[in-house]
Ligand SMILES: C[S@@+](CC[C@H](N)C(=O)[O-])C[C@H]1O[C@@H](n2cnc3c(N)ncnc32)[C@H](O)[C@@H]1O
């Protein structure tokens, strides 16, 4: 049987990070929640957990994200692995949004919801959905939203096949997701993002900077990230193009990260393809795309109107 190698993170960095993390506070929070009961509020019977997800440890946590330890420790660790400042890095996503007034936004692989909350704060009128494969991460995300008084729909689901109708979102985001999925899965998620978007809608993918990861092989061994080497060897830019996105471009974000934007093209009557993001019609309040799983969720977002 293969002997599990301890990562540099576990051996050296975690003990240092612990000096800065208020472990007592995390412990108190962890104890205050009935995780099994609360996670059942979100868990959906029809969600199949993929093998690439359940078979791996992430960040040295046995069982990956399917437990409360991951949900409790995630934010405390993430602040130290998103230099120079986690909020600045996430703010790059908000700053890159070109859709003027998105009515429906979905954050894929939302985890504890740090980006999802920023999206809702920026667009309080929008219906915002945070989708994740881990009901435990959704419990943590929902507590954060409650504390901030933000109304967000948290949805247990697989970003490869969300179950939402096509053309139902104006904006799709995924932050820090693709380094945790095999490249073939990331590409399926991009196809699903394309399907979910209305024509003229925008997708934004924030993650590690692939060109730098290629040059910093040693960094890949730092954390227990089973797919980060393959992610670094790929190109989100190219994957988005293959998924038929237009106006695709990738920018560095504080050198360590990258942000890729793409637009679902609009085909006009004369057969020309346009790839600019269009201004939105006023928010349509009559329908909702997420009722957390009941049948009949088939109301697409109304079409864009030209500004
Ligand atoms: C590194 S965390 C990122 C969380 C959050 N987006 C952020 O920016 O902090 C990756 C998250 O993606 C989720 N995830 C991984 N594969 C997924 C999939 N196929 N569908 C939905 N969520 C997935 C994990 O459960 C985890 O919460």
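The values are calculated or read from the model by the stated rules, or taken from the named source; none is laboratory data. Quick caveat, the model's predicted, so the values are computed rather than measured. With ideal geometry, Cβ positions are generated from the backbone for all residues, glycine too; neighbour counts draw on all protein chains shown.
Within region 47-58, take every residue that is within 8 Å of the ligand (Cβ to nearest atom) and buried (at least 16 other Cβ atoms within 10 Å of the Cβ) and give me the one that is modelled with the lowest pLDDT. Applying the filter and picking the extreme gives 58.
Against the criterion of being closer than 29 Å to residue 255 by Cα, away from the ligand (no atom under 11 Å from the Cβ) and touching a helix residue (DSSP H, G or I) at 6+ places or on another chain (Cβ under 9 Å), residue 102 qualifies. Selection of region 114-131 for residues being without any contact (Cβ under 8 Å) to a residue 60 or more places away in the chain and more than 12 Å from the ligand (Cβ to nearest atom) yields 120, 121, 122, 123, 124, 128.
Scanning region 187-213 for residues that are part of a helix (DSSP H, G or I) and more than 9 Å from the ligand (Cβ to nearest atom) yields 187, 190, 191, 192, 193, 194, 195, 196, 210, 211, 212, 213. Being surrounded by fewer than 22 Cβ atoms within 10 Å (Cβ to Cβ) and modelled with pLDDT under 95 is a property that residue 94 lacks. Considering region 140-179 alone, what residues qualify as being out of contact with any helix residue (DSSP H, G or I) (no Cβ under 7 Å at 6 or more places or on another chain) and not in a strand (DSSP E or B)? Correct list: 142, 143, 146, 147, 149, 151, 157, 163, 165, 167, 176, 177. Counting only residues that are more than 12 Å from the ligand (Cβ to nearest atom) and in a helix (DSSP H, G or I), region 77-91 holds 3 of them.
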